[in-house]
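Written below as structure tokens is the structure these notes are about.
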Amino acid sequence: MNKRIIIILLFCCRAVIAQLKPVAKDDSLLNSSKKQWLDPQTKPTQKAKALQRIVISYFQNQSSTDSLAFYNDLYLRYALQHKLNTFIVDAYFQKVNAERGKGDWIALIKTGLEALHKIDSLKISVSAHQKSIIIDEMVYGYIFLSDIENAVSYTQQSIEALQKANHNGANNLQISIMYLTTARAFGYTNDYLTSSRYLDSSLVYINQTSDVLQKHYILNDCVSIKIDLKKYAEALPTAYQCLRFFEKNTNIRGLTEIQMLMGRLFLGLRKYDEAIAFSKKSIEKIANTRILYRSYETLYHAYKAKNQLAEALIAHEHYIEFKDKLFNEQVANAKVALERRFAEEKATVLLNKEKAEVAIQKRYRNYFIAGAILLAIVSAVLFFNRRLLQKQNQEIEYQRDTIEKLNVNLEAKVQSRTAELQKAYDKIKDAMQRGQNLERRRMAADLHDNLGSLLTAISISLDNINPQHLNHREKKIYSNIISMTENAYSEIRLLSHNLMPEVLEREGLPQALEQFARKLNLNQKIHFSVKINALPTLSNVVSLNVYAICLELVQNIIKHSKATESTICIFENCTILWVEITDNGKGWPNNQHKGFGISNIQTRLKEIGGQLLIDKGYSRGTKIVISVPLEDDKMDKPEFI
């Protein structure tokens, strides 16, 4: 008995030693590479090669993902620092390869895009084949995040570049791989017909190479697609061909894949014993979640079809277990995809916001520069005139004793000259005001002519639609569009009148308000009346701002008051212009302090020194009182351009 135990222990020790030998060999290579990297006498190229061996060693052993990530970054930084172009490309490939193996799809896409950008920005000379290897890894990130559009876009670009550089069929293998990746992208979205077409293209190119292993991997995918399309009889010869090849070459990955597929294939053909046999074989040799999920699914349905309920129950438990694992992976990928899209959309919104802010700042800067230039010109003119006047006064003072008899005439000349300067100053001031009025007129004309014409064209186009041919929902949408177009046209007319009403130019404030009320009474349910007592001549600034304030308040009454009558009363008392606007609506909300255009009204009142009062004690609706002081220097004759 003891002898048997000793023999068994000897066999176990031999097995452990046999497994430790390659590990010891790998550790030896890893340690020697680290020593070479740390040796200060090592040349940069040799150091890069040492880092390359360290990264490959950690990737193959899969012993420490943290160490792999550390040396990957170190390898890439060192290659970029010393501008070792060949190693830069390899470092990026090693990094995307590791991130794909880890399933970090966001990092995989980010690294792949960074690699492509570096290759272009540093003008690194790489072949289409080298570039496509990085793209192929990166595309799997897009596939698992369900971004098929980007995945297919990059594979198509890579295929085109490979075909252009495909001298003597040198890129046939890589072209075949890129077609295979594209097929898998469409297969991931269950678009099996499109996936099948790309697999056919992949086979065309792989058949022109000597890579038999890759060919049978592609044939495995062909079998899978045909099973999904329920073409079981058509898939059977190809499946047996792949099975014989992988059994002969002892390729575990390909063998378990085809055994799982043959289990599904025989299940579709209702040959349940064969389906069970192949599914069991695929389970024995691999721990891949997807293969285990498919194999147990086949076993469950096969046992159930044979009425072997106990075996079906066990298979169903495993099937649900691996299905949940795959589902959790898909949920995690979907979450990552949503987070990525949210981040991209957020970045786009911020970028657009920054662009808009820059445009506004640029526009204000231009206004400021123009104003500064104009102010500088005016200041220069005034300064020059002042200096000239000072010089003349000095000459007068110097000659006062000698020309005392002419003093009265000289004083008259000085006063005349001062009046001329004041007149010139007034002209400059009037010119600035004319410029503002001219700009208001231009903006009003642009709004009325351009947007008004566009809305009229839209209304005419809508009139050509016969509502009788529309269903109920479309009629409702049609009515809403008509209503919104009419509202938009009314808003544009109000805005253009607000900027520069023509009647205000010609006849003054009272006539402008009366005409405005008449137009409103033609189209609104609210009746507006205007009462204006005899007014003094108002300045153009006061007239324009009072008119604009009345329009703003009338708009508020139309939109919010639910009134049937409104009165605008304007009179002058003790050099103060009073404006009272009342309505019989629902009244002003007690907690409403801003909104309804109040900030715009206050800005205009500030310009002319006026004040606003909302009479909240008014019981019959809303009463708003505005007072504007009429100073002597502001009561000049209004003049518009």
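Side notes on the structure shown:
- Subset of the stretch 509-534 [outside any helix (DSSP H, G or I) and either at pLDDT 85 or above or exposed (fewer than 13 other Cβ atoms within 10 Å of the Cβ) (or both)]: 525, 526, 527, 528, 529, 530, 531, 532, 533, 534
- When the test is whether a residue is without any contact (Cβ under 8 Å) to a residue 40 or more places away in the chain, among the acidic types (Asp, Glu) and either within 21 Å of residue 151 (Cβ to Cβ) or part of a helix (DSSP H, G or I) (or both), residue 200 passes it.
- Of all residues making up the stretch 48-86, the number that are farther than 22 Å from residue 125 by Cβ, of a type outside the set (Gly, Ala, Ser), modelled with pLDDT of 85 or more and surrounded by 14 or more Cβ atoms within 10 Å (Cβ to Cβ): 8
- When restricted to residues that are within 18 Å of residue 206 (Cβ to Cβ) and open to solvent by 20 Å² or more (accessible area, probe 1.4 Å), the stretch 220-236 contains 3.
- Residues of the stretch 198-216 satisfying the condition of being open to solvent by less than 50 Å² (accessible area, probe 1.4 Å) and out of contact with any Leu (no Cβ under 8 Å at 6 or more places or on another chain): 201, 216
- Within the stretch 485-508, tally of residues that are more than 45 Å from the chain's Cα centre (by Cα), crowded, with 16+ Cβ neighbours inside 10 Å and at pLDDT 75 or above: 2
- Inspection of the stretch 315-335 identifies at least one residue that is open to solvent by less than 40 Å² (accessible area, probe 1.4 Å) and modelled with pLDDT under 75.
- Count of the stretch 290-308 residues which are open to solvent by 30 Å² or more (accessible area, probe 1.4 Å) and either charged (D, E, K, R) or in a helix (DSSP H, G or I) (or both): 10
- Here is the figure for the stretch 452-483: residues that are exposed (fewer than 10 other Cβ atoms within 10 Å of the Cβ) and of a type in the set (S, T, N, Q) total 4.
- Annotation: residue 86 fulfils all but one of (1) closer than 25 Å to residue 117 by Cβ; (2) among the polar types (S, T, N, Q); (3) in contact with a helix residue (DSSP H, G or I) (Cβ under 7 Å, 6 or more places away or on another chain); the unmet one is (3).
- Residue match in the stretch 175-197 (condition: closer than 17 Å to residue 158 by Cα, part of a helix (DSSP H, G or I), out of contact with any Leu (no Cβ under 8 Å at 6 or more places or on another chain) and of a type in the set (A, V, I, L, M)): yes
- The lone exception for residue 569 - which of (1) surrounded by 19 or more Cβ atoms within 10 Å (Cβ to Cβ); (2) in contact with a strand residue (DSSP E or B) (Cβ under 6 Å, 6 or more places away or on another chain); (3) within 25 Å of residue 521 (Cβ to Cβ) it fails: (1)
- Residues satisfying the stated conditions in the stretch 53-98, i.e. part of a helix (DSSP H, G or I), among the basic types (Lys, Arg) and either at positive phi or touching an Asp or Glu at 6+ places or on another chain (Cβ under 9 Å) (or both): 95
- Tally of residues being among the acidic types (Asp, Glu) and either over 20 Å from residue 188 (Cβ atoms) or in contact with a strand residue (DSSP E or B) (Cβ under 8 Å, 6 or more places away or on another chain) (or both) across the stretch 120-171: 2
- Restricting the stretch 540-564 to residues that are in a helix (DSSP H, G or I) and of a type in the set (D, E, K, R), the residue that is nearest to residue 614 (Cα to Cα) is 552.
- Among residues of the stretch 406-420 being closer than 16 Å to residue 391 by Cα, modelled with pLDDT of 70 or more and not polar (S, T, N, Q), the one that is most open to solvent (accessible area, probe 1.4 Å) is 413.
- Taken across the stretch 129-138, residues that are outside any helix (DSSP H, G or I), in contact (Cβ under 8 Å) with a residue 40 or more places away in the chain, over 30 Å from residue 35 (Cα atoms) and among the hydroxyl-bearing types (Ser, Thr, Tyr) do not occur at all.
- Scope the stretch 584-641; condition farther than 18 Å from residue 553 by Cα and modelled with pLDDT of 80 or more; matching residues: 609, 629, 630
- Pairs where the first residue, in the stretch 27-47, is at negative phi and the second is outside any helix (DSSP H, G or I) and open to solvent by 60 Å² or more (accessible area, probe 1.4 Å), C-beta under 6 Å, 6+ apart: 44/82
- Condition met for residue 145 (over 21 Å from residue 202 (Cβ atoms), in contact with a helix residue (DSSP H, G or I) (Cβ under 8 Å, 6 or more places away or on another chain), open to solvent by less than 20 Å² (accessible area, probe 1.4 Å) and touching a residue at least 60 places away in the same chain (Cβ under 8 Å)): yes
- The stretch 243-284, subset hydroxyl-bearing (Ser, Thr, Tyr) and assigned to a helix (DSSP H, G or I), residue surrounded by the most Cβ atoms within 10 Å (Cβ to Cβ): 279
- Residues satisfying the stated conditions in the stretch 155-171, i.e. open to solvent by 10 Å² or more (accessible area, probe 1.4 Å) and free of Cβ contacts under 8 Å to residues at least 40 places away in the same chain: 156, 157, 160, 161, 163, 164, 165, 166, 167, 168
The values are calculated or read from the model by the stated rules, or taken from the named source; none is laboratory data. Values in this document were obtained by computation on a predicted structure and should not be read as measured data. Cβ sites come from the backbone with ideal geometry, for glycine too, and all protein chains shown count toward neighbours. All accessible areas refer to the heavy atoms of the entire protein, side chains included, with ligands and DNA or RNA removed. Shrake-Rupley method; radii C 1.70, N 1.55, O 1.52, S 1.80 Å.
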